[in-house]
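Asks: My structure is below; once you've seen it, I'll send some questions.
The values are calculated or read from the model by the stated rules, or taken from the named source; none is laboratory data. Not measured: the values here are computed from a predicted model. Ideal geometry is used to build each Cβ from the backbone, glycine not excepted, and the neighbour counts take in all protein chains shown.
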Ligand code: TXA
Ligand code: MG
C-alpha cells in the first residue's frame, strides 16, 4: 500500500474507531492519537519496524528518543527497569497527566525507541481515548508529538491531518487537547527531579513531592547543534513558523512603539488577547496576558495560523515565566530561535530651570552624549516669524510692533511683559504652535529610534510641554551665581538681572515637579559627570 497516495482516515473515538485504530497499530502502522497535552504519533513500542515509520512520517532525526505511553500503572514494568520510591511518589501525585518521567529502560525497549540511551521517557496520559487505545492494543505505545519535525505540535485532529495526510493511515479524533503544550519531561533522581522540558506539571507542583527541583540549561539557553545534551529534543529548532519570530521585551506601550518603528508590509504581531487595537499590522493572539494556561492552549494554534499568512517577521509579546508560563516561554523561545530583543523605547527628558542656572551648559553636555536636542527657544523663534503668528500678535499688541514687515521684538516684549494680561495673551498665541512642533520633533526622534530625546524648555511646566516627557530634569543654582551669569551673558546691570529673576519660579516649584535636580555651583567637570550619570540611569 502506498500511503503517499492514500488519504488519511479520521475516526471518531467510539468503540469502532478505537478498535480500527488498534488494529492498524497491531498491523505495524502508526496512528494519530489524541492526548491531553498534544496529539501523538503512536506505534507499538515493541515493534521496531513500526517505530521506524514514526521517524519517517515526521522526518524526525533518529537520535531523538520517543516517549512510551502506558494505560495503567502495571504496564510500567514492561517499560522501566525499576521504579524508585521517588518515581512512585511522582506517579501517585501526577499520573495520569502531563508528566513524562525518564527512568532506566527495560530490556524490552529497543535502541530505536530510546535512540541508544539506557533510559526511557514514560507517560500515562489522562486523555480517556489515549488510554482506551493503549488498552485495546495491549502494548505500550511509543509516540512523539504528531507534527512534521520542527513544526509546532498538533492540538487538534485537523492539525495532524494538515501535517501528515497521506503519511499515516489513521487519526483518532479526540477533540482539542486540553493543555495545549507537551508534557513536562523530568529526570527522576533521589528526592529530586531535573526538568528537561517544562510543561503542565510545574516546578511548584514538583516541590510538593520532592525537596529539590532543577531546571536544565537547555530550557532557557541555546545549545550548540552538536552539544551533548540531557534531552536530545532540546537541541533542535522547534515549533517554528516560516516567519522569523522575535520576542520583544517591555511594557505594552514600549512594544507598540517598537513595532511602529520596525514594521513593514510583511510584519505581524503575536500579542495577548485584547491588545489587537494597538496595531495596524496583522495580529495573532495567544491568550490572556496573565493567564499562562490560556496561553498554553492557544500558542501552537497561533503559530500555525501565522504559517497560513505570508509574513516575514512576527514580533511577539513575552509571556510570564512562572508556573505553566515556563513552558509557554520555553516553546516561544524555540519558535524564535532564541531571538529576544528589548523594546528600546525612546526616553524623553524634559530639561528646565531658572534663568542663568546653566541649563544651556547641561544641554550641551547631553548633546555631546549623542542625545537628540529639541530646543523650545529655537522653535519659538521659528514660530514667531510665521505669517499666522504675526497676524495674531499685531491684532493683540498693535500694528506698530511690525516695522517694515519685521517684528520689533523689544517693542513686543515691552507690551507683552508690562502686565499679566499681556503675558497671558502672548502665551496663548505661542504655546499651542510651539507644542505642535515639539510633538512632531519628538515623534520623528522616536520613529528614528533615538534612545534619548532632550526637550529643552525654560517654561516646560508653564507651557504644558512636560506632558511629552517621561522624566524631567531641573537645573538650579544659587541666586548670586545666576545674577552674575545673566549680567555677563546679556551685558546688563545687576539691578536689571535682579528684576528678571524676581518673576522666576522658586527652587521648590522645580523640585516638586522633577525626577532629577542638578545644582550647579560652577564646577563644570562635576556637572558633566552628573549629566552622564543621569543619561546612564535613563538608558
Ligand atoms: O506531551 C507529550 O509529551 C507528547 C504526547 C504525545 O505525549 N509527546 C511528545 O513527544 O512531546 P516528543 O517526542 O515530541 O518529545 C519528547 C521529548 C523530546 O525532547 C525527547 O528528546 C525527550 O522528550 N526524551 C524522550 N526520551 C528521553 C530520554 N530517555 N532522555 C532524555 N530525553 C528524552
Ligand atoms: Mg515534539
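Asks: Take residue 132 and tell me if it is closer than 28 Å to residue 213 by Cβ and buried (at least 18 other Cβ atoms within 10 Å of the Cβ). I'd like the intermediate steps shown before the answer.
Replies: On the way: closer than 28 Å to residue 213 by Cβ: no; buried (at least 18 other Cβ atoms within 10 Å of the Cβ): yes.
Judged against the criteria, residue 132 is not a match.
Asks: Let me ask another. In the range 141-162, what residues are within 14 Å of residue 31 (Cβ to Cβ) and away from ligand 2 (no atom under 12 Å from the Cβ)?
Replies: Once the filter is applied, which keeps residues that are within 14 Å of residue 31 (Cβ to Cβ) and away from ligand 2 (no atom under 12 Å from the Cβ), the range 141-162 yields 141, 142, 157, 160, 161.
Asks: For the range 198-208, indicate whether the set of residues that are within 23 Å of residue 118 (Cβ to Cβ), in contact with a strand residue (DSSP E or B) (Cβ under 7 Å, 6 or more places away or on another chain) and either at pLDDT below 95 or not in a loop (DSSP other than H, G, I, E, B) (or both) is non-empty.
Replies: No: zero hits.
Asks: Residue check: is residue 54 under 40 Å from the mean Cα position of the chain (by Cα), over 30 Å from residue 193 (Cα atoms) and touching a residue at least 24 places away in the same chain (Cβ under 8 Å)? Even if it seems obvious, please write down each step before you answer.
Replies: Details: under 40 Å from the mean Cα position of the chain (by Cα): yes; over 30 Å from residue 193 (Cα atoms): no; touching a residue at least 24 places away in the same chain (Cβ under 8 Å): yes.
When the stated conditions are applied, residue 54 does not pass them.
Asks: Oh, and also: Looking only at the range 499-510, which residues are under 14 Å from residue 357 (Cα atoms), part of a helix (DSSP H, G or I) and at pLDDT 90 or above?
Replies: Correct list: 507, 510.
Asks: Spot the failing condition for residue 130; the list is (1) within 33 Å of the chain's Cα centre (by Cα); (2) near ligand 1 (Cβ under 10 Å from one of its atoms); (3) closer than 17 Å to residue 75 by Cβ, and only one is missed.
Replies: (1)
Asks: Has the range 144-167 got any residue that is more than 19 Å from residue 55 (Cβ to Cβ), surrounded by 18 or more Cβ atoms within 10 Å (Cβ to Cβ), more than 11 Å from ligand 1 (Cβ to nearest atom) and more than 36 Å from the chain's Cα centre (by Cα)?
Replies: No, there is no match, as no residue in the range 144-167 is more than 19 Å from residue 55 (Cβ to Cβ), surrounded by 18 or more Cβ atoms within 10 Å (Cβ to Cβ), more than 11 Å from ligand 1 (Cβ to nearest atom) and more than 36 Å from the chain's Cα centre (by Cα).
Asks: Then there is this: Any idea which of (1) loosely packed, with under 15 Cβ neighbours inside 10 Å; (2) touching a strand residue (DSSP E or B) at 6+ places or on another chain (Cβ under 8 Å); (3) more than 13 Å from residue 317 (Cα to Cα) is the one residue 183 doesn't satisfy?
Replies: It is condition (1) that residue 183 fails.
Asks: Moving on to the next point. Out of everything in the range 438-474 that is part of a loop (DSSP other than H, G, I, E, B) and under 20 Å from residue 258 (Cα atoms), what residue ends up being farthest from the chain's Cα centre (by Cα)? Outline the logic, then answer.
Replies: Going through the range 438-474, the residues part of a loop (DSSP other than H, G, I, E, B) turn out to be 448-451, 457-459, 464, 469-470.
With the extra rule that they be under 20 Å from residue 258 (Cα atoms), the set shrinks to 448-451, 469-470.
Details: 448: 21, 449: 18, 450: 21, 451: 19, 469: 25, 470: 22 Å.
The selected residue is 469.
Asks: Within the range 107-123, track down each residue that is surrounded by 24 or more Cβ atoms within 10 Å (Cβ to Cβ) and either under 36 Å from the mean Cα position of the chain (by Cα) or within 16 Å of ligand 2 (Cβ to nearest atom) (or both). Spell out the reasoning first.
Replies: Initially, the range 107-123 is screened for residues surrounded by 24 or more Cβ atoms within 10 Å (Cβ to Cβ), giving 109, 113, 120-123.
Selection gives 113, 120, 121, 122, 123.
Okay, residues lined up against (1) near ligand 1 (Cβ under 10 Å from one of its atoms); (2) in contact (Cβ under 8 Å) with a residue 40 or more places away in the chain:
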residue: 29; (1), (2): no, yes
residue: 33; (1), (2): yes, yes
residue: 64; (1), (2): yes, yes
residue: 74; (1), (2): no, no
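Rundown of residues vs (1) outside any loop (DSSP other than H, G, I, E, B); (2) closer than 19 Å to residue 252 by Cβ; (3) under 16 Å from the mean Cα position of the chain (by Cα), yes/no style:
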| position | (1), (2), (3) |
| --- | --- |
| 301 | yes, no, no |
| 306 | yes, no, no |
| 315 | yes, yes, yes |
| 320 | no, yes, yes |
| 327 | yes, no, yes |
| 330 | yes, no, yes |
| 333 | yes, no, yes |
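Asks: Restricting attention to the range 379-437, and to residues there that are assigned to a strand (DSSP E or B) and loosely packed, with under 13 Cβ neighbours inside 10 Å, which single residue is farthest from the chain's Cα centre (by Cα)?
Replies: First pass over the range 379-437, keeping only residues assigned to a strand (DSSP E or B): 402-403, 406-407.
Retained after the next criterion (residues that are loosely packed, with under 13 Cβ neighbours inside 10 Å): 403, 406.
On the way: 403: 59, 406: 55 Å.
Looking at residues that are assigned to a strand (DSSP E or B) and loosely packed, with under 13 Cβ neighbours inside 10 Å, I get 403.
Asks: Still on this structure, I have one more. Among the numbered conditions (1) more than 22 Å from residue 438 (Cβ to Cβ); (2) free of Cβ contacts under 8 Å to residues at least 12 places away in the same chain, tell me where residue 467 comes up short.
Replies: In the conditions (1) more than 22 Å from residue 438 (Cβ to Cβ); (2) free of Cβ contacts under 8 Å to residues at least 12 places away in the same chain, residue 467 misses (1) alone.
Asks: Can you find a residue that is farther than 25 Å from residue 327 by Cβ, more than 13 Å from ligand 1 (Cβ to nearest atom) and surrounded by fewer than 20 Cβ atoms within 10 Å (Cβ to Cβ) anywhere in the range 88-106?
Replies: no
Asks: Yes or no: residue 178 modelled with pLDDT of 95 or more, touching a helix residue (DSSP H, G or I) at 6+ places or on another chain (Cβ under 9 Å), within 13 Å of ligand 1 (Cβ to nearest atom) and not in a strand (DSSP E or B)? Lay out the reasoning, then the answer.
Replies: On the way: modelled with pLDDT of 95 or more: yes; touching a helix residue (DSSP H, G or I) at 6+ places or on another chain (Cβ under 9 Å): yes; within 13 Å of ligand 1 (Cβ to nearest atom): yes; not in a strand (DSSP E or B): yes.
When the stated conditions are applied, residue 178 passes them.
Asks: Still on this structure, please answer the following. Consider only pairs whose beta carbons are under 8 Å apart and that are at least six residues apart or on different chains; among these, list those whose first residue lies in the range 212-237 and is farther than 17 Å from residue 117 by Cβ and within 12 Å of ligand 1 (Cβ to nearest atom) and whose second residue is at pLDDT 75 or above and not in a helix (DSSP H, G or I).
Replies: 219/195; 219/196; 219/197; 219/198
Asks: Which of the residues spanning the range 1-22 are in contact with a strand residue (DSSP E or B) (Cβ under 9 Å, 6 or more places away or on another chain) and modelled with pLDDT of 95 or more?
Replies: So the first thing to find is which residues in the range 1-22 are in contact with a strand residue (DSSP E or B) (Cβ under 9 Å, 6 or more places away or on another chain), and the list is 3, 7-13, 17-18, 20-22.
Passing the criteria: 8, 9, 10, 11, 12, 13, 17, 18, 20, 21, 22.
Asks: Going through the range 29-59 one residue at a time, which ones are under 23 Å from residue 181 (Cβ atoms) and in a helix (DSSP H, G or I)?
Replies: Result: 54, 55, 57, 58.
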